[in-house]
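Throughout, read-outs are computed from the coordinates displayed, never taken from laboratory work. Keep in mind that what you see is a predicted model, and the values were worked out from it rather than measured. Neighbour counts are summed over all protein chains in view; Cβ atoms, including those assigned to glycine, are modelled from backbone coordinates with ideal geometry.
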Amino acid sequence: MNRHYVTQTVIETAQNIIGRTVDEAARFETIGFDSLECIEFTVAIEDVFGVEISCAERVTMEGVEDAVTLVMEKTRQDVALAA
């Protein structure tokens, strides 16, 4: 899975939840994500990418870039475990 695809998908997911344009540098607090929207976003990301994000990991996701990095790390782990 390439980073561009993950980034675009994370951005689209955030935009669908918040209802306005989001870019790669967007911070969740800045774009107005409340706690329920953060949970909704996390669940959507888990579903789209087939990963599990713990509560501790969710708390460390402060923006789009953090979410992309986490998904990239988790999908690499999945590939390594499958090999």
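Principal-axis analysis of the Cα atoms of the chain puts helix 3-18 at an angle of about 40° to the longest axis. A simple rule links phi to the HN-Hα coupling: the Karplus curve 6.51 cos²θ - 1.76 cosθ + 1.60 with θ = phi - 60°, which for the range 55-65 gives 4, 4, 5, 4, 5, 7, 7, 9, x, 4, 4 Hz, with x for Gly and Pro. Would you compute, from DSSP H runs of 4+ residues alone, the mean residue ellipticity of the chain at 222 nm, taking -39500 (n - 2.57) per run and dividing by the full residue count, rounded to the nearest 500? Calculated at 222 nm, the ellipticity per residue is -22500 deg cm²/dmol.
Close amide H contacts of GLY63 (hydrogens built in the peptide plane, cut-off under 5 Å, sequence separation of 5 or more or a different chain): PHE28. Net charge dipole, the chain: roughly 200 debye, given to the nearest 20, about the Cα centre with Cβ charges of +1 for Lys and Arg and -1 for Asp and Glu.
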